[in-house]
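**Q** Quick one: this structure, given as structure tokens, is what I'll be asking you about.
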Amino acid sequence: MGFRSLSPYVWPIYGPWMASSLGMSILLVALPIVLVGDGHGYTVAALVAGAGGAGAALAALPVGWCTDRWGPARVGAGALLAVIAASILMASMARPVFLGLGHLVFGGGSLGVMLSRQADLTRRIPITLRGRAMSLMGGTMRFSVLMGTAVGGFLVDVAGARWTFLIAGVGAAIGLPAVLPGVRNPDWEIAPVGVKGPRMTWVIRANKRHLLHAGLFGMSSMTTREGRMVLLPLVGVALDLRPATIGVLVASGYAADLILFPVSGALMDRVGRLAAMVPAYGLLAVGLLCLLVADTATGVLLAGLVMGLGNGLSAGSLFTLSSDLAPEEGTASFLSAVSMVTDVGRVIGPLLVGLVAGRWGLDAAAVTLAVAMMLGLVWLSAVVGETGDRTGDRP
């Protein structure tokens, strides 16, 4: 089996996730540029940018509970509708407080799309194909992020903030038709509507060790990944680059992501999760340290490419790790609990960048993110270990 066997899932599983990621990535580039350009400080920009991660963390457990009971399609459709409503709010009221609230809802909706798709896919795919299946999930996300980051700065430049926020919602809405057939015909799903799963509290108690294993590493890596998404635009602003140029610089790293995701999946399935993930995330830390000597657009581009190389080689790794450790009963609830812990990093990353950069500068923020990633790698290597052969170790 290979990537070709995943073709039936491209539209119903990967399509909605890619669409919501497109809208989210537009916002991640546009929000810091708009807020700093309007005279707000790094801290305000980081708080608003981090609201998406806070929304994802808050939505995680409710989404898992709903998915185990109402089915992935209904949850995915509701999440996409919430994303569209959030973009309308942001376009209508562009003050920081409303941008933060809209981004909070947008992040929660994007999380709902991702978890509903991952839960459905986890039940369908055997472990021998899981690395490739989840790397394709990461690859489709990277394609949408590449498009979103490239377009986000350009849209701010030529269309203004309000239209940019509205277009982010339109991009997410593309995925809505993909989940509607499952809403109308829930028997198609692995977890049909109305099946009563185990209680969320039982799932968390029974799987707390695996939850911490996957969640704490996810938190570390997401702190670094989301922090760099805020850091790179701020570095571009500090170098007095145009918003469109900043968008291209951020997107260039995601070009490497997109090219390498098939390699990530193949490596995880063939040589093991640990052997594939440690070098990949190590490159992400190295790329952040490269920013310390980057004082031109070319230097930032090279640092972004190194980070993109590492991020591309880790495509789908967090999805794979949590799916490897997920129990047969309460799969969506477990994945949502892992996602909640992981998404704390989506809040911490932008906040670290804003607070550290505001006090000690952007170089110190880059070092802080690199250290967070290296601590995560110590946890992965020393505590978590290999997960690809643990099918018999589930509670």
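**Q** What stretch of the chain, leaving out the sites themselves, is the longest with no GluC sites (Glu not before Pro) in a DSSP loop having at most 14 other Cβ atoms within 10 Å?
**A** 1-327
**Q** In debye to the nearest 20, how big a dipole does the stretch 3-393 give about its Cα centre with +1 on each Lys and Arg Cβ and -1 on each Asp and Glu Cβ?
**A** For this selection, approximately 580 debye.
**Q** Based only on other Cβ atoms within 10 Å, what is the fewest-to-most ordering of ASP68, ASP269, ASP38?
**A** Listing ASP68, ASP269, ASP38 from fewest to most nearby Cβ atoms yields ASP38, ASP269, ASP68.
**Q** Helix by helix through the chain, keep the DSSP H runs that span 15 Å or more along the axis on Cα and average at least -1.0 on Kyte-Doolittle, and give those back in order.
**A** For the chain, where a helix must reach 15 Å along its axis and average at least -1.0, the hits are 15-37, 42-70, 72-92, 96-124, 127-158, 161-173, 208-238, 243-270, 273-290, 297-313, 331-360, 362-379.
**Q** Between ARG130, ARG359, ARG162, which gets the highest mean-square fluctuation from a Gaussian network model of the chain, Cα cutoff 10 Å?
**A** Of ARG130, ARG359, ARG162, the Gaussian network model singles out ARG359 as fluctuating most.
**Q** Next question. Report the residue, chosen from ARG142, ARG69, ARG184, that carries the largest GNM mean-square fluctuation when the chain is represented by alpha-carbon nodes joined by springs under 10 Å.
**A** Fluctuation is largest for ARG184.
**Q** Follow-up. Can you work out the FRET efficiency for the pair SER381 and ARG242, with r the C-beta to C-beta distance and R0 = 51 Å, to the nearest 0.05?
**A** My answer for the efficiency is 0.75.
**Q** Of the residues HIS213, HIS103, HIS40, which exhibits the maximal mean-square fluctuation in a Gaussian network model of the chain defined by a 10 Å Cα contact cut-off?
**A** With Cα springs under 10 Å in the chain, the top fluctuation among HIS213, HIS103, HIS40 is at HIS40.
**Q** I've got another one for you. Determine, for LEU288, LEU369, the number of other Cβ atoms within 10 Å of each Cβ, and report the residues in order from fewest to most.
**A** Ordered by Cβ neighbours within 10 Å, fewest first: LEU288, LEU369.
We did not get these values from a lab; they are worked out from the coordinates using the rules stated. Please read these numbers as outputs of a predicted model, since none were measured by experiment. Please note: Cβ atoms are built from the backbone with ideal geometry, for glycine as well, and neighbour counts cover all protein chains shown.
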